[in-house]
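Data block below; observations after.
The values are calculated or read from the model by the stated rules, or taken from the named source; none is laboratory data. Quick caveat: nothing in here was measured; it's all calculated off a predicted structure. Glycine also receives a Cβ, built like all others from the backbone with ideal geometry; neighbour counts cover every protein chain displayed.
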Amino acid sequence: MLYLAYNAPHLPNDNPAPEQYQKQFNTGSQTADNYYASVYSVDQGVKRILEQLKKNGQYDNTIILFTSDNGAVIDGPLPLNGAQKGYKSQTYPGGTHTPMFMWWKGKLQPGNYDKLISAMDFYPTALDAADIRHIHSKRP
């Protein structure tokens with residue numbers, strides 16, 4: 001199992017994306033360009049992982065789950081929540097709805113799911129999918 005947690009983009013605390021990605025954007029807004037470069041950097045990193053899985057023959061037997069944590073900050077420099085009302089730390093959709101997709105070749109059918117989910121279920125669900133017995137234990 002590989003768990004990869006990108007911190008980008010995460011306004012206002014972004015580290016600059018690598019220069020090779022920053023050169024891809026010229027919107028007239030340095031903030032927007034940095035944001036788009038951060039997103040593109042994540043995209044390129046995920047692409048490299050998927051290419052390696054294909055090269056190693058593991059792609060067809062891999063569950064891919066991609067998600068985010070929360071909506072945009074209330075005083076953010078960009079309108080990143082689109083038409084969603086609310087922001088990070090608010091209980092409106094703009095603060096609680098997050099993107100997520102899951103892919104597993106031949107096992108999951110394409111479609112949309114609009115029910116409540118919890119990230120706490122990801123790990124035990126992945127173990128079940130891999131037919132790995134999960135041992136419940138209490139921490140001392």
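In segment 18-29, the condition of being among the aromatic types (Phe, Trp, Tyr) and farther than 28 Å from residue 121 by Cα is met by at least one residue. Against the test of being of a type in the set (Asp, Glu), out of contact with any strand residue (DSSP E or B) (no Cβ under 8 Å at 6 or more places or on another chain) and more than 22 Å from residue 130 (Cβ to Cβ), the options 43, 60 yield a single qualifying residue, 43. Of all residue pairs spaced 6 or more apart or on separate chains, none has beta-carbon atoms under 9 Å together with a first member in segment 33-53 that is under 16 Å from residue 15 (Cβ atoms) and a second member that is part of a helix (DSSP H, G or I) and among the β-branched types (Val, Ile, Thr). For the condition loosely packed, with under 10 Cβ neighbours inside 10 Å, within 30 Å of residue 22 (Cβ to Cβ), modelled with pLDDT of 90 or more and of a type outside the set (Ser, Thr, Tyr), residue 55 qualifies.
Being surrounded by fewer than 11 Cβ atoms within 10 Å (Cβ to Cβ) and part of a loop (DSSP other than H, G, I, E, B) is true for just one of 91, 98. Which residue is that?
Details: 98 fails: surrounded by fewer than 11 Cβ atoms within 10 Å (Cβ to Cβ).
Going through 91, 98 in turn, just one is surrounded by fewer than 11 Cβ atoms within 10 Å (Cβ to Cβ) and part of a loop (DSSP other than H, G, I, E, B): 91.
Considering each of 82, 106 in turn, give the residue that is loosely packed, with under 11 Cβ neighbours inside 10 Å, modelled with pLDDT of 90 or more, of a type outside the set (A, V, I, L, M) and assigned to a loop (DSSP other than H, G, I, E, B).
106
For segment 1-26, residues that are loosely packed, with under 13 Cβ neighbours inside 10 Å, at pLDDT below 90 and over 30 Å from residue 59 (Cα atoms) total 5. The set of residues in segment 90-127 that are among the basic types (Lys, Arg) and closer than 23 Å to residue 54 by Cα comprises 105, 107. Taking first residues from segment 119-140 that are within 15 Å of residue 104 (Cβ to Cβ) and outside any loop (DSSP other than H, G, I, E, B) and partners that are modelled with pLDDT under 85 and not hydroxyl-bearing (Ser, Thr, Tyr), the Cβ contacts under 6 Å between residues at least 6 apart in sequence or on separate chains come to 127/134.
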